[in-house]
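The values are calculated or read from the model by the stated rules, or taken from the named source; none is laboratory data. Everything numeric here is computed off the predicted structure, so don't read it as measured data. Please note: Cβ atoms are built from the backbone with ideal geometry, for glycine as well, and neighbour counts cover all protein chains shown. Just the protein is used for accessible areas: all its heavy atoms, side chains included, with ligands, DNA and RNA removed. Shrake-Rupley method; radii C 1.70, N 1.55, O 1.52, S 1.80 Å.
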Amino acid sequence: MNQKTAFQEVNESYTMAEAIHEAQRCLHCKVPQCQKGCPISNDIPDWVHELSMGNLGNAISIIRSKSNLPAVCGRVCAHEKQCEGNCVLGKKGQALNIGKLERFVADFDSENELTHENIVEKKRGRVAVIGAGPSGITVAGDLSRMGFSVEIFEMEAQCGGVLRYGIPEYRLPKEVVAREIRYIEKMGVVIHRNTHVGFDITIDSLFGQGFDAIFIGTGLGKPKTLEIPIYRNGRCLSEGEGAIKCEDLQGVRKAAHFLRRVELIQEGFMSPDETHVKPGAHVWVIGGGNTAMDASRTALRVAAKRVDVVYRKGLETMSALRAEYDDAVKEGVNFNFWSNITEIHVDDNLDITEIVLETKEPDKEPVRQTLPAENVIMAIGAEPKTKIVRTTPGLENDERKFLITRDIPYGMTTRKGVFAGGDVANAQATVVHAMQNAKRVAEGIAQYVDAVKLMEAINL
């Protein structure tokens, strides 16, 4: 793979003529199944119709009435399972390419500064948003449009959360994410970067600043790991005093950390050798989700010679989008289904030399193979960090560390006035599902603040 172009965006956009021609295929159904398939109920036939007539300003206005991240959704949404998967034209295998059209409209709007949203006067209340990932951005955008003064507190130097540090450049260019953030700021949302709630400030100190409500959208900050037995010269190093764990090996990485490092290397903040994947390495990726696909394709881009994905079940049960799997195969990633890595072998320097792969296909005898390896990347999910819970009286999480929320007002936690949404509240799914949940929480926050202010007025 050409290292100079490896991280360029893979999928090309439409030209203006191509976009209009594609939009003209829309049947503008009376009962649009595509809209039903969209988690945020985007008015797809309406904006596609405007695009088909060349009215791009009208098209983006309709899209932005429901979505705060159109250029992102156009690229990374599970279109095949949602809008496009429900398009009636899909019955003939010719579903409208809705994702690519949305991307075109959003990019054209941003690049040409086609539209400008009127800033609503911020008199309804003040809301603090913790985390500038998909859910935080959605809550901030929706509440700003409702007339709330919103401030985001983001621990990283750059906003976007998983959009910035978890999805590779070749799938989602970081300039696209930055454009969406700038749009939110133009709406009047204030962003405090490099501000870590739970360390630099607390929930209580935010309330002390006069915020009427607080939203927590910090996602899943703690990747999970597997403890695979480690062997050196036939002796297990994972048992007894001084036991060595997988996280002690430089050759073992969690996918989220690996992808983050690669992004920081691309931005010039780290040196290339800090991926710990050496040129020509044989990399094994454990997992069957989109993160595993991203990690495997990224490993190839940082000069791995061979990448194998290990998944404990079959292809049809993988949570990764089929399009992401197909792209991984096309780029040369190998897949080992019904398999697990049961041992990791290291040399005297604790560098990985081999793995033992056990394959148990249904109705077949297990097969064990000892195979070459230099790296193992684990993409097996994540869980929330608990620092905010530990520094906030009255805020509780469940046994799996997810924040406990209620339905009325929607999204409020066990601490009055504190709301949560997205992954941290166990609403785990795609970017657009996080947005769907966040939009409901924004409504809950608005109801709560309005009710509190009404009761204060009554009691004057």
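Note on E267/Q24: beta-carbon distance plugged into 1/(1 + (r/R0)^6) with R0 of 25 Å gives a FRET efficiency of 0.05.
Each part reduced to its alpha carbon centroid, the stretch 1-78 and the stretch 112-153 end up 23 Å apart.
About its Cα centre, the dipole of the stretch 360-460 is roughly 300 debye, where the only charges are +1 on Lys and Arg Cβ and -1 on Asp and Glu Cβ. For the residue pairs K330/K364; K186/K330; K387/K439; K305/K439; K245/K330, the alpha carbons lie more than 32 Å apart in K186/K330; K305/K439; K245/K330.
Where Lys and Arg each count +1 and Asp and Glu each count -1, what net charge lies around F211 among other residues with Cβ under 14 Å from its Cβ? Intermediate results must be reported in sequence, preceding the final value.
Details: positive: K122, R124, R126, R415, K416, K453; negative: E151, D204, D212.
Result for the neighbourhood of F211: +3.
Note on K278: aspartates and glutamates with a C-alpha under 16 Å away, same-chain residues under 8 apart excluded, are D308, D351, E354, E374.
Based on the Cβ-Cβ distance from E365 to I244, what FRET efficiency comes out when R0 is 41 Å, to the nearest 0.05?
0.85
Placing dummy labels 7 Å off each Cα toward the beta-carbon, the span from R182 to N233 is 5.9 nm.
Span-like helix check, the chain: qualifying full DSSP H segments, with Cα axial length of 24 Å or more and mean Kyte-Doolittle of 0.0 or more, are 431-458.
If you add up the charges near N58, with Lys and Arg at +1 and Asp and Glu at -1, over every other residue whose beta carbon is less than 12 angstrom from its beta carbon, what do you get? Mind dumping the intermediate values first?
Working: positive: R64; negative: D43, D46, E50, D109.
Within the 12 Å Cβ shell, the charges total -3.
K439 exposes around 40 Å² of accessible area when a 1.4 Å probe is run over every protein chain in place.
With 0.36 nm allotted per residue and the present C-alpha distance subtracted, the V31-Q447 stretch has 146.7 nm of extension available. Expressed to the nearest 5 percent, the antiparallel share of DSSP beta bridges inside the chain is 35 percent. Computed 3J(HN,Hα) for the stretch 222-228, one whole-Hz value per residue from the Karplus formula 6.51 cos²θ - 1.76 cosθ + 1.60 where θ = phi - 60°, is 10, x, 7, 9, 10, 9, 9, glycine and proline marked x. Rolled with a 1.4 Å probe across the full set of protein chains, the surface gives V139 an accessible area near 0 Å². Only the Cβ atoms of Lys and Arg (+1) and of Asp and Glu (-1) were treated as charged; on that basis the dipole of the stretch 93-133 about its Cα centre amounts to roughly 400 debye. The P(r) of the chain has a tail past 35 Å containing 37 percent of all C-alpha pairs. Going through the cross-link list K36/K453; K66/K416; K360/K401; K36/K401, which pairs have a Cα-Cα distance over 30 Å in this structure? Correct reply: K36/K453; K360/K401; K36/K401.
Charged side chains reduced to their Cβ positions (Lys and Arg at +1, Asp and Glu at -1) give the chain a dipole of some 740 debye around its Cα centre.
Within the accessible surface of the chain, defined with a 1.4 Å probe on protein heavy atoms only, the carbon and sulfur portion equals 48 percent. Here the gap between Q94 and N112, fully extended at 0.36 nm per residue and compared with their Cα-Cα distance, gives a gain of 3.4 nm. Computed with every protein chain present, the accessible area of D107 is close to 10 Å² [probe 1.4 Å].
Between amide H atoms placed 1.01 Å from N, distances below 5 Å from I191 occur with I152, all of them 5 or more places distant or on a separate chain. Within the stretch 291-367, DSSP assigns beta bridges of which about 75% are antiparallel (rounded to the nearest 5). The Cα center of the stretch 392-448 and the Cα center of the stretch 189-213 differ in position by 17 Å.
Report Rg/Rh for the stretch 8-86, rounded to two decimals, where Rg is the Cα radius of gyration and Rh the Kirkwood radius. Don't skip to the answer; put the middle values down first.
On the way: Rg = 12.3 Å, Rh = 13.1 Å.
Value, to two decimals: 0.94.
Top to bottom by accessible area (1.4 Å), largest first, where do I203, I380 land?
On the way: I203 0, I380 60 Å².
The most accessible residue leads, giving I380, I203.
The calculated 222 nm mean residue ellipticity attributable to helices in the chain amounts to -10000 deg cm²/dmol, summing -39500 (n - 2.57) over DSSP H runs of n ≥ 4 and dividing by all residues. With every protein chain in place and a 1.4 angstrom probe, the accessible-area ranking of I244, I404, largest first, reads I404, I244.
Please state, to two decimals, what the Cα-based radius of gyration of the stretch 168-272 comes to when divided by 2.2 N^0.38 Å (N = residues).
Numbers: Rg = 20.5 Å, N = 105, 2.2 N^0.38 = 12.9 Å.
Relative to the 2.2 N^0.38 Å estimate, the stretch 168-272 comes out at 1.59.
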